[in-house]
Structures are given as C-alpha cells and as structure tokens.
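Asker: The structure that follows is given in the form of structure tokens.
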Amino acid sequence: MAIFAVMLFLTFFGMVAPSYAASSNANLSMISLLQGQLSPGFASGITSYTVSVPSGVSATKVGVFAADATATIKVKGTTVVSGAESGIINLAVGANPIDIVVTSQDLSTTMTYTVTYNRAAPINANLTTLRLSSGLPSPSFVATTTSYTATVANAVSSITVTPTVEDSTSTVTVNSVLVTSGSSSGAIPLVEGSNTITAVVTAQGGTTRTYTVTVTRSAPPPPSSDAALTGIGLSAAGMSPTLSAINAPLISLE
C-alpha cells in the first residue's frame, strides 16, 4: 500500500511518466492533391479514389495526413511524414494507381488508400511544318491552315512530302501511307495538271486533322514553230548561193 502511494505521488507530480497503450489507428484524415479533385470526396473510411487530369499533367505529388500522429505512412513504398507531400510521381497516359499505406503505431492495423490518376491522352493533331521536295506551299504554312497549293515544272514527274507533327505522340500518313515525323514520304507520281496530296495527323487521343496540298504540274512547252534551216553541211561540193533563213525556200540542190 505504501509503494502504491509513492508511485501515485510521483506520477501526480510528473516525476514518473504514465504508460499508455500504443495506438491502433491507421486512418488518414485528409489527402491533398496538386491537380484535380478526389472522386468521391475524401472520408477516412473510403479507401479508393479517382482523379482526372488533362494530358499536359505529366507528374504530381500527393499530400497525406494521418488521423493519429503516431501512425506511419508510405506513398508508393516511400515513407512520407504526416502533413507532408510525397516526392514527384510521374504519370503515364491512362490510369496511374498510387497506393498510400498507413500503419498504426502498434503495428496491428494497416489501411491502404488508392488514388488512381487518369491522365487524358493528347488531342494535338497539328503539324509544325509541311515541306515539299519541289515547289512551295501557298499560302505559307500555318498549323491551323489545312489547304495549300503548289506549282511545279513539267520536268518534275514526282514529289516527296515531309510532315512534322507538333506532338511527338501523334502519327501522320501521306496519301494513306505511314510516314515518320520529320522524314520524307515515298515518291508520289505527278500527272500533268492537278494532283491532290493529303497528310492526315492522328493524335494519341484519337483526334485527326487532314492537310491537303494540290500540286499542279505544268504542261510541257509547245513545240517550236520555226521550221527554217540555218545551215546544211555538204561533204563534196559547195553551195551557191549561201544558205540563209530568208532564202532557204528558194534553194535548189541540183
């Protein structure tokens, strides 16, 4: 009885720390985001969330807050102090699940919260340049202008087209044949007159844009109408009078 009284005295005056049971609380009290919003809204008992972000968001951080300060938190396997943000988390196009594991102080309880970031696919279907191996597109190229014309000489019987996409995840075809961005297409034959060439850009998100170049191959020059002789070579005899364009029709070779 005396020992109990002494212990009570020491505890009351702060000389002996009282003992408490370790916490079994493994809940979060809040999740904060740099971009987007949690769906559904946060509640400690809800462990699965989604977040939608545009294609331009390629990385994020997640802020985590434990309901009990003695709990430990790991975000994608890395320990994060309650009230702090995780390190940078890269986001691919599509679904990106991020696991947040909370462990209670007494190690008896764990809670796993999953936040899935859904990053939209790019929808940029623009070209930055469209070059021809012969002739110049008119008007001058602008990504938002999709129709062009060009004229080439009759001697040009084929042409190549070099398209360059604005977004590296987009693809491009020239006359329905896949072409690597920044590389020339195969040779496209040109008939005399009008030739329509199409370059179709398809964004990763499915958006398309069609650029059209109408190439006009000029007609050949007309044949010369000057049928006059300018001279005749003789191997064994001379010619009289001397041949000229003016008197050529009067010459007799007897």
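The values are calculated or read from the model by the stated rules, or taken from the named source; none is laboratory data. Since the model is a prediction, treat every value here as computed from it, not as a measurement. As a convention, Cβ positions derive from the backbone with ideal geometry for all residues, glycine included, and neighbour counts pool all protein chains shown.
Asker: Taking the stretch 128-140 as the region of interest, how many residues are surrounded by 16 or more Cβ atoms within 10 Å (Cβ to Cβ) and of a type outside the set (A, V, I, L, M)?
Answerer: Our first condition is that a residue be surrounded by 16 or more Cβ atoms within 10 Å (Cβ to Cβ); within the stretch 128-140, this holds for 130, 132, 134-135, 137.
This time we only want the ones that are of a type outside the set (A, V, I, L, M), so: 134-135, 137.
Result for the stretch 128-140: 3.
Asker: Suppose we filter Thr145, Thr112 for residues that are surrounded by fewer than 17 Cβ atoms within 10 Å (Cβ to Cβ) and in contact (Cβ under 8 Å) with a residue 60 or more places away in the chain; which single one remains?
Answerer: Of Thr145, Thr112, the one residue that is surrounded by fewer than 17 Cβ atoms within 10 Å (Cβ to Cβ) and in contact (Cβ under 8 Å) with a residue 60 or more places away in the chain is Thr112.
Asker: Give me a count of the residues in the stretch 77-100 that are among the polar types (S, T, N, Q) and either touching a residue at least 60 places away in the same chain (Cβ under 8 Å) or outside any loop (DSSP other than H, G, I, E, B) (or both).
Answerer: Qualifying residue count, the stretch 77-100: 4.
Asker: Let me ask another. When the residues of the stretch 110-134 are narrowed to those that are part of a loop (DSSP other than H, G, I, E, B) and aliphatic (A, V, I, L, M), which ends up farthest from Gly186 (Cα to Cα)?
Answerer: Of the residues in the stretch 110-134, the ones part of a loop (DSSP other than H, G, I, E, B) are 120-126, 133-134.
After this cut, where a residue has to be aliphatic (A, V, I, L, M) as well, the list is 120-121, 123, 125.
Values: Ala120: 33, Ala121: 30, Ile123: 27, Ala125: 22 Å.
Step by step, filter the stretch 110-134, then rank; the result is Ala120.
Asker: Being small (Gly, Ala, Ser) and surrounded by 15 or more Cβ atoms within 10 Å (Cβ to Cβ) is the filter here; which residues of the stretch 85-104 pass it?
Answerer: From the stretch 85-104, those small (Gly, Ala, Ser) are 86-87, 92, 94-95, 104; that's our starting set.
Selection gives Ser86, Ser104.
Asker: Given (1) of a type in the set (A, V, I, L, M, F, W, C); (2) part of a strand (DSSP E or B); (3) in the same structural domain as Thr50 (by TED's automatic domain parsing); (4) exposed (fewer than 15 other Cβ atoms within 10 Å of the Cβ), where does Leu107 come up short, assuming only one miss?
Answerer: (2)
Asker: Residue check: is Thr230 at pLDDT 95 or above and out of contact with any helix residue (DSSP H, G or I) (no Cβ under 6 Å at 6 or more places or on another chain)? Before you say what the answer is, go through the steps one by one.
Answerer: Numbers: at pLDDT 95 or above: no; out of contact with any helix residue (DSSP H, G or I) (no Cβ under 6 Å at 6 or more places or on another chain): yes.
Spelling it out, it is not the case that Thr230 is at pLDDT 95 or above and out of contact with any helix residue (DSSP H, G or I) (no Cβ under 6 Å at 6 or more places or on another chain).
Asker: Do you know which residues across the stretch 32-82 are closer than 13 Å to Tyr117 by Cα, buried (at least 17 other Cβ atoms within 10 Å of the Cβ) and hydroxyl-bearing (Ser, Thr, Tyr)?
Answerer: Residues satisfying the conditions are Tyr49, Ser55, Thr60.
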